[in-house]
Each structure stands twice: as C-alpha cells, then as structure tokens.
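The values are calculated or read from the model by the stated rules, or taken from the named source; none is laboratory data. Everything quoted here is computed from the prediction, not taken from an experiment. Methodologically, a virtual Cβ is constructed for each residue, glycine included, from the backbone with ideal geometry; neighbour enumeration extends over all protein chains shown. The area values use the complete protein model at the heavy-atom level, side chains included, leaving out ligands, DNA and RNA. Shrake-Rupley method; radii C 1.70, N 1.55, O 1.52, S 1.80 Å.
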Amino acid sequence: MAWTLLIIAGLMEVGWAIGLKYTHGFTRLWPSVGTIAAIVVSMALLGLAMRTLPVGTAYAIWVGVGAVGTAALGILLFGEAASPARLASLGLILAGIIGLKLAS
C-alpha cells in the first residue's frame, strides 16, 4: 500500500509542478487552487508512505516520478526540447526508480 501511495504522491507532484505554469505566479484563482491542493495531497501521501518506507527511498522515488513526469509533460504540453541526451537522462532517472523499487 505504501508504494501505491508513493506513486500517487509522485503523480500529484507532477500535477502541481505543471500547475505552477498555469497559475501565472499565483495570479489566476482556479489554477492556483488546484496547484495548492495538489501540493497538499502530494505531501500528505508522501508522509503516509514514509511511515513504512525508508526516507531515502521514498523521497528519491517521489522526486524521480515528479521529475520524469514533469519533464515528459513539458515536452508534450509546452514543446520543450526532446533531445536524445535529455530523453536518455530521463531514462536513467526511470532506471533508478525501478532499481530502488527492486532493491527494497
């Protein structure tokens, strides 16, 4: 159950990171409300997952899911660069996430 909560927390991190772009510096109400809600849910779920998972593993997975998801959506939604080096680097982060899961 902790792993499920952790993955959802990471996906919520993607939501708030992307949401920040739409808030325009927290000057737009509904994107700001959604972003703040995603931050709260993400942190709460991370905290719950850390009850049973090691802090280093949980934090690394949370950040990794957030980083890969946010970068992927940045490419898809905002036309950010998708160079081979960038994609390979994201692949390495994903490999690290998988490695941490397998090692725990």
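Here are the numbers for the structure shown:
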item: Every residue from the stretch 88-101 that is loosely packed, with under 14 Cβ neighbours inside 10 Å and not charged (D, E, K, R); result: A88, G91, L92, A95, I98, G99
item: Out of L76, L20, L29, sole residue that is open to solvent by 60 Å² or more (accessible area, probe 1.4 Å), touching a Pro at 6+ places or on another chain (Cβ under 9 Å), without any contact (Cβ under 8 Å) to a residue 24 or more places away in the chain and of a type in the set (A, V, I, L, M); result: L20
item: Yes/no for A85 being farther than 24 Å from F26 by Cβ, free of Cβ contacts under 8 Å to residues at least 60 places away in the same chain, of a type in the set (A, V, I, L, M) and open to solvent by 50 Å² or more (accessible area, probe 1.4 Å); result: yes
